[in-house]
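Asker: Dropping a structure here in structure tokens format, bear with me for questions.
The values are calculated or read from the model by the stated rules, or taken from the named source; none is laboratory data. Model, not experiment: these values are computed from the prediction. Methodologically, a virtual Cβ is constructed for each residue, glycine included, from the backbone with ideal geometry; neighbour enumeration extends over all protein chains shown. Note: areas computed on protein heavy atoms with side chains; ligands, DNA, RNA excluded. Shrake-Rupley method; radii C 1.70, N 1.55, O 1.52, S 1.80 Å.
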Amino acid sequence: MYADDVKLFDVVSHGTGRNALQSSLLNIDKWCLDNGMALNTAKCVMMSFRRGSNILDIQYVLQGAPLIRVFKFNDLGVTMSPSLSPLEHVCGITAKARSLLGFIFRSSRDFRSPHSLLVLFRALVLPVMEYASVIWSPYHQYQIDMLQKVQRRFVRMLGCRMGFAYFDVPVEEIERHFGLLPLASRRRLFDLMLLYKLVNGALDCPELLAGIDICAPRGTRSRTIFRRRLHTTAYAYNSGLSRVLRSGCEAAAAGIDFFDVSVVAFRRAAMRWGL
């Protein structure tokens, strides 16, 4: 439940799960009737998540009307798809970010300071590109490149304001000069910050914390503190918590302390490592 939004979910196979979900829908319908609350069934939809190609075409009913099945849905700012691929979300945020870039450069034609443009980029574009990235961070290179191209486009447009021709802009040099990290490095930093907050109690989420195995190193030279798990598929290997723990292992091996430092000191150390 979130504000006026309620989600029901269960594992559904050919013989189980469907009845439990339908029973829950009937209970919600009854509760609304008993408490005089109007329920807008036109805004109620259903989506099936499955990594395979075949989706069980099961129908659910609310207030006597069948629920509409959708294949794309925006859930608290993140676009979800039946395959749980981040592609739909990546396409959506890159399109929005490119539109914002156009707005920034149209509205700032009289700006001469590149720092002003950087402030606008960091305030308007990066939040769109990075919101909830721990959930959807891609592992396919073409999706990573789609995101990075937005920043490269901004740097080229910034270089034009600095006197360069568009295709002659030294992108990497300007990024280093203004401290613009690759977006993949920034997403890894967000992963590490999430892990730090989980293991230090700054983020109260027992379900995620239960998925973290902390181990004592066997050798004096070993710095691995998060146990790695075996995954049989690339999708599971690159899933959210697995990716976060893998980054945590790499950071710990590089000497980054997760426990005996403040959040500011940890972030500073993680950023230096990311560079």
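Asker: Given the conditions (1) part of a helix (DSSP H, G or I); (2) in contact with a Leu (Cβ under 7 Å, 6 or more places away or on another chain), and given that Phe111 satisfies all but one, which numbered condition is not satisfied?
Answerer: All conditions are met except number (1).
Asker: Does at least one position in the stretch 152-166 carry a residue that is touching a residue at least 24 places away in the same chain (Cβ under 8 Å), surrounded by fewer than 16 Cβ atoms within 10 Å (Cβ to Cβ) and in contact with a His (Cβ under 9 Å, 6 or more places away or on another chain)?
Answerer: no
Asker: Could you grab me the full set of residues in the stretch 232-242 that are more than 14 Å from Asp213 (Cα to Cα) and either out of contact with any Phe, Trp or Tyr (no Cβ under 6 Å at 6 or more places or on another chain) or open to solvent by 60 Å² or more (accessible area, probe 1.4 Å) (or both)? Don't jump to the end; show me each part of the working.
Answerer: Of the residues in the stretch 232-242, the ones more than 14 Å from Asp213 (Cα to Cα) are 232-240.
Of everything in the stretch 232-242, those that are more than 14 Å from Asp213 (Cα to Cα) and either out of contact with any Phe, Trp or Tyr (no Cβ under 6 Å at 6 or more places or on another chain) or open to solvent by 60 Å² or more (accessible area, probe 1.4 Å) (or both) turn out to be Thr232, Thr233, Ala234, Tyr235, Ala236, Tyr237, Ser239, Gly240.
Asker: Another question, then. I'm told Leu203 meets every condition in (1) open to solvent by less than 70 Å² (accessible area, probe 1.4 Å); (2) under 30 Å from Phe178 (Cα atoms) except one. Can you identify the failing condition by its number?
Answerer: It fails just one condition, (2).
Asker: Inside the stretch 150-173, can you point out the residues that are in contact with a Lys or Arg (Cβ under 9 Å, 6 or more places away or on another chain) and either at pLDDT 95 or above or in a helix (DSSP H, G or I) (or both)? Lay out the reasoning, then the answer.
Answerer: Going through the stretch 150-173, the residues in contact with a Lys or Arg (Cβ under 9 Å, 6 or more places away or on another chain) turn out to be 150, 153, 161, 164, 166-167, 169, 171.
Correct list: Val150, Arg153, Arg161, Tyr166, Phe167, Val171.
Asker: Go through Arg69, Arg50, Arg112 for me and flag whichever is touching a strand residue (DSSP E or B) at 6+ places or on another chain (Cβ under 7 Å) and either buried (at least 17 other Cβ atoms within 10 Å of the Cβ) or farther than 20 Å from Arg153 by Cβ (or both).
Answerer: Values: Arg50 fails: touching a strand residue (DSSP E or B) at 6+ places or on another chain (Cβ under 7 Å); Arg112 fails: touching a strand residue (DSSP E or B) at 6+ places or on another chain (Cβ under 7 Å).
Selected residue: Arg69, the only one of Arg69, Arg50, Arg112 that is touching a strand residue (DSSP E or B) at 6+ places or on another chain (Cβ under 7 Å) and either buried (at least 17 other Cβ atoms within 10 Å of the Cβ) or farther than 20 Å from Arg153 by Cβ (or both).
Asker: Kindly list, by first and then second residue, each pair from a residue in the stretch 80-94 that is under 14 Å from His140 (Cβ atoms) to a residue that is polar (S, T, N, Q) and in a strand (DSSP E or B), limited to pairs with Cβ atoms under 6 Å and residues at least 6 apart or on different chains.
Answerer: Pairs found: Glu88/Thr79; His89/Thr79.
Asker: Do the conditions hold for Phe105, that is, is it surrounded by 12 or more Cβ atoms within 10 Å (Cβ to Cβ), hydrophobic (A, V, I, L, M, F, W, C), at negative phi and under 22 Å from the mean Cα position of the chain (by Cα)? Walk me through how you get there before you give the answer.
Answerer: Working: surrounded by 12 or more Cβ atoms within 10 Å (Cβ to Cβ): yes; hydrophobic (A, V, I, L, M, F, W, C): yes; at negative phi: yes; under 22 Å from the mean Cα position of the chain (by Cα): no.
No; evaluated as a whole, the condition is false for this residue.
Asker: Looking at the stretch 31-47 only, could you name the residues that are among the aliphatic types (A, V, I, L, M) and either exposed (fewer than 10 other Cβ atoms within 10 Å of the Cβ) or without any contact (Cβ under 8 Å) to a residue 12 or more places away in the chain (or both)? Give the steps one after another, and end with the answer.
Answerer: So in the stretch 31-47, the residues among the aliphatic types (A, V, I, L, M) come out as 33, 37-39, 42, 45-47.
Across the stretch 31-47, the qualifying residues are Leu33, Met37, Ala38, Ala42.
Asker: Tally up the residues in the stretch 31-58 that are closer than 30 Å to Ala236 by Cβ and part of a loop (DSSP other than H, G, I, E, B), please.
Answerer: Result for the stretch 31-58: 12.
Asker: Quick check on my filter: what residues within the stretch 1-30 are among the β-branched types (Val, Ile, Thr) and either within 30 Å of Tyr235 (Cβ to Cβ) or open to solvent by 100 Å² or more (accessible area, probe 1.4 Å) (or both)? Quick ask: steps written out before the conclusion?
Answerer: The initial filter retains those residues of the stretch 1-30 that are among the β-branched types (Val, Ile, Thr), namely 6, 11-12, 16, 28.
Listed by number, the residues that qualify are Val6, Val11, Val12, Thr16.
Asker: So, in the stretch 132-151, how many residues would count as being surrounded by fewer than 20 Cβ atoms within 10 Å (Cβ to Cβ) and within 12 Å of Thr94 (Cα to Cα)?
Answerer: If we filter the stretch 132-151 for residues that are surrounded by fewer than 20 Cβ atoms within 10 Å (Cβ to Cβ), which is where we start, we get 132, 134-135, 139-146, 148-149.
The next check asks that each one be within 12 Å of Thr94 (Cα to Cα); those that pass are 143-146, 148-149.
Of the residues in that region, 6 qualify.
Asker: Which of the residues that make up the stretch 257-267 are open to solvent by less than 60 Å² (accessible area, probe 1.4 Å) and touching a residue at least 60 places away in the same chain (Cβ under 8 Å)? Please lay out each step first, then the result.
Answerer: In the first step, residues of the stretch 257-267 are kept if they are open to solvent by less than 60 Å² (accessible area, probe 1.4 Å); the result is 258, 261, 265-266.
Listed by number, the residues that qualify are Phe258, Phe266.
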